[in-house]
1. As a test question: what accessible area, to the nearest 10 Å², does Phe734 have when a 1.4 Å probe is rolled over all protein chains in place?
2. If you take the alpha carbon radius of gyration of segment 553-707 and divide it by 2.2 N^0.38 Å, what ratio comes out, to two decimals?
3. Using the alpha-carbon atoms, what tilt in degrees (0 to 90, nearest 10) does helix 25-48 show relative to the longest principal axis of the chain?
4. Please report the spacing between the Cα centers of segment 757-787 and segment 82-111 in Å, no decimals.
5. Using a 1.4 angstrom probe on the protein heavy atoms only, could you order Leu307, Leu341 from most to least accessible area?
6. By what distance, in whole Å, do the Cα atoms of segment 677-752 stretch along each of the three principal axes, largest value first?
7. Leaving ligands, DNA and RNA out of it, report the carbon-plus-sulfur percent of the accessible area of segment 263-390 at a 1.4 Å probe.
8. What number, rounded to the nearest 500 deg cm²/dmol, is the helix-based mean residue ellipticity at 222 nm of the chain, given -39500 (n - 2.57) per DSSP H run of at least four residues and division by all its residues?
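The values are calculated or read from the model by the stated rules, or taken from the named source; none is laboratory data. No experiment lies behind these values; they were computed from the predicted model shown. All Cβ positions, even for glycine, are placed from backbone atoms using ideal geometry, and neighbour counts span all protein chains on display. Keep in mind that these areas ignore ligands, DNA and RNA; they rest on the heavy atoms of the full protein, side chains included. Shrake-Rupley method; radii C 1.70, N 1.55, O 1.52, S 1.80 Å.
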Amino acid sequence: MCAASQLLAHCQGLRCTIGEPDLTLGELLRALVRLFAITAFTVFPVLAQNSVPARRGEIHGRVINSANKASVGIATIEVTLGNATTPAGRVTANSDGIFRLQNLAVGRYRVQVRALGYRPVDIRNVDISSSVPRADVGTVTLTATPVELQTVEVIIHRQDVQLAPDRNTFVVRDMPTTRGGNALDVLKNVPAVDVDIDNIVSLRGNSAVTVQINGRPSPMKPAQLGNFLSQLPADMVDKVEIIPNPSARDDPTGVAGIINIVLKQESDAGTSGGLNLSGGTTGQVNVGGNLGYENGPFTFYGSYGFLRDRRPRVEALFRQNNYLSPLTYLDESVDRLQKPLAHTLTASTTYKLREKDELSLDVVYSTRNQDESFGITYRDLNSSRILTGLSDRLTTGRGNESNFETALGFKHAFAEKGHRLSAEGSIVRDQEGGSSSVRSRVLTLSGAPSGSAALENQDTWEHPHENNIKVDYVRPLAPLVRIETGYKGSLQQFHTTLDTRVLDPVSGQYLPDPTRINDFLFDETVNAGYAMMSAKQGNFQLQGGARGEHAASTFHLNTTGSTFNNSYNSIFPSALVAYNVDDAHQVKLSYSTRIKRPDEPDLLDPTAHYADPLNLSRGNPYLKPEYIQALELGLQRTGERITMQLTPFWRHTRDAVRSLRTIDAAGVATRTYANISTADAYGGDATVALSGGRLTGFLATSIFHQVSNAANVTPGLSINTTGYRGRANATMRFSKTTDVQALISYQPAMTVEQGRNAARSQFSFAGRKKLMDDQLSVTLRVIDPFSTASESSTTIDPRFVQTSDRMRKIRGLVLGLSYTFGKPVKDKDGDLVGADPGR
């Protein structure tokens with residue numbers, strides 16, 4: 001049996017959940033030790049066959065900007081031994097500008113330091129000897145300067161995909177297939193991330209994922225967040241970080257991990273900026289601009305985006321009503337048209353009070369409105385599928401949304417390298433809602449109106465608010481050991497109202513419908529503290545820690561006077577072990593525990609919400625939080641042009657929240673939610689990234705097996721199924737000024753709880769021409785040329801069988817222009833766990 005097979009087999013046998021009474025800490029530790037032993041005795045020897053003998057030298061230093069003495073966290077450092085043509089080592093400086101190359105042979109080295117937008121620095125005759133094995137090149141000062149086009153191209157393509165021990169980073173700012181699109185188009189270009197037709201984002205097939213904006217979790221819930229991302233211009237996005245197994249430093253919310261969307265927010269020295277304009281055959285118009293300025297201790301970056309679109313959509317539903325004898329059928333057809341219009345502003349500014357102290361202020365503001373029409377036609381059929389009844393329903397209205405987020409931060413660096421303190425306070429204020437009018441009619445079988453129409457008005461609003469404060473402290477205890485600790489307090493609130501009024505034909509007045517009036521408040525306070533230790537010993541990198549939280553929530557229904565309180569304590573341990581077999585091979589093993597809190601209005605609110613009179617949903621205020629354990633093994637090989645990563649994973653969830661559909665004797669289908677006993681998922685991700693040549697891109701696939709135990713709810717909800725998905729993104733550079741890019745993804749049909757989802761595929765294509773020394777670029781995108789932007793699912797229940805088909809009409813062409821001036825925007829790398837712990 002191969003190493004990966006043994007590990008997966010062991011993961012299948014590992015069934016433990018933090019907090020269960022039959023599991024002791026010792027048993028958990030023994031299980032982890034056993035798994036790591038399998039790794040050590042099966043994987044390490046295989047990779048070590050091609051390893052080189054251990055070397056003992058080290059070269060270290062720090063890279064700063066000559067203008068403001070700020071750290072240059074994007075610098076790449078290469079060392080070459082003697083007259084060799086192949087580098088003996090290569091690293092990227094961390095966020096403090098610190099770099100360290102280890103395991104170098106005795107000899108004389110040449111050190112080359114490069115960064116996008118800076119003049120390279122070449123340091124020669126750096127000696128490593130047996131008596132003096134460590135060489136400190138000191139502080140390397142880089143001077144900002146225009147970069148030659150060829151150099152810019154090489155560096156950018158090298159950084160398109162960055163695979164690190166704790167996260168994978170995908171640089172998307174220069175991706176043709178996203179130009180003129182939105183942030184959801186960006187996410188569709190990232191491996192293991194999926195976006196469904198309702199704009200719900202998922203990771204590894206799980207929609208319970210935490211989406212962050214600039215490292216801060218968004219309080220918006222999946223549907224609202226999807227709407228926001230669908231109206232956030234893609235040109236504002238710099239890169240996307242995928243963190244499937246976060247450490248104790250990060251918030252533990254989200255079953256599948258974290259997706260961090262990093263907006264462009266830093267400028268290079270001097271003044272820089274850009275303008276973007278695009279339009280499409282679908283009615284889409286996207287206009288944006290950005291401006292960056294840096295002068296001494298002050299830096300500023302701001303951007304504005306305008307988006308207008310036209311999004312038609314068709315849906316069909318066919319239901320077999322088994323509860324009637326003889327059975328009957330319901331055939332629904334839906335036409336929906338959405339016309340969003342959005343304005344988005346971002347601003348990021350930093351000011352160095354002195355060399356070691358820095359203040360920062362980040363702001364994101366967006367306002368959006370959307371006109372929508374939603375028409376449904378109902379056809380009642382008898383057992384011979386002959387039409388017996390006809391009716392329709394038309395909903396028209398305007399939705400309004402706004403989002404405001406601001407964060408004030410402070411950083412202090414102590415005299416000792418890597419010793420720092422940071423604090424941040426953030427405020428989020430959102431709102432979403434609007435008014436709509438509904439007209440319902442009974443029709444004759446020929447389609448003519450029969451009698452007067454039923455009229456109603458509906459007004460609904462959601463107001464999510466959040467306040468956060470956090471403090472983080474990092475201190476090295478030794479050159480290769482550091483500790484981290486911190487505190488975070490958060491207060492989340494949302495207020496939701498629903499008012500439905502129906503026209504009384506007798507009085508001619510709109511009267512309240514008591515079954516569809518709602519007013520509730522939700523408050524949740526979380527106080528958390530964490531402690532972590534990171535160390536490096538030889539070729540091993542180690543990290544371990546724990547996060548403790550106290551959460552208290554109150555859910556109050558003003559309409560009924562009902563109150564639901566929930567208070568609980570949680571411990572979230574995490575650990576990571578990485579082994580660098582040599583400069584090209586790495587093995588890692590990581591473990592984390594996470595939580596998914598039931599803090600969404602749709603999940604908790606027991607009031608009936610109508611999609612239409614025959615399809616409604618109700619929340620469950622008694623839902624318990626999900627607790628998740630995740631274990632991952634990572635195998636990575638890094639070459640000059642090709643980087644490969646294989647990540648087997650296992651995830652165990654207790655009290656998993658699942659949706660459940662039922663139907664009553666009147667034919668009304670209701671969706672609600674319940675906690676099932678357990679859900680397990682295990683499988684593997686594989687990514688191959690190609691860079692540095694004419695052809696760049698990645699090929700990624702995920703294979704996973706899911707097992708859920710829903711016997712506590714209904715046996716028919718349990719599943720045991722296997723699925724996979726694949727995605728490829730390729731860019732071909734025909735010349736220095738011309739490139740084309742294609743994206744294709746595919747997911748086959750898969751069994752899910754209470755039914756089955758049909759296969760899905762996606763394809764897009766783009767070509768780009770660069771002009772005026774790369775200051776101006778023209779991009780043409782071909783969106784969904786084969787009209788595959790559709791989803792189909794089947795719900796199977798003893799009382800009914802229902803098939804739903806949904807399709808977005810997005811096929812078209814988008815032409816975009818992009819103009820930049822001044823110096824290019826520079827990359828702002830995150831603080832990676834896998835970096836040298838002595839930073």
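1. Number for this one is 120 Å².
2. This ratio for segment 553-707 stands at 1.49.
3. Roughly 60 degrees between the two axes.
4. Segment 757-787 and segment 82-111 have Cα centres spaced 39 Å from each other.
5. Of Leu307, Leu341, the descending order of accessible area is Leu341, Leu307.
6. Over segment 677-752, Cα extents along the principal axes are 61, 18, 13 Å.
7. Reported share for carbon and sulfur atoms: 56 percent.
8. Roughly -2000 deg cm²/dmol at 222 nm, from the helical runs in the chain.
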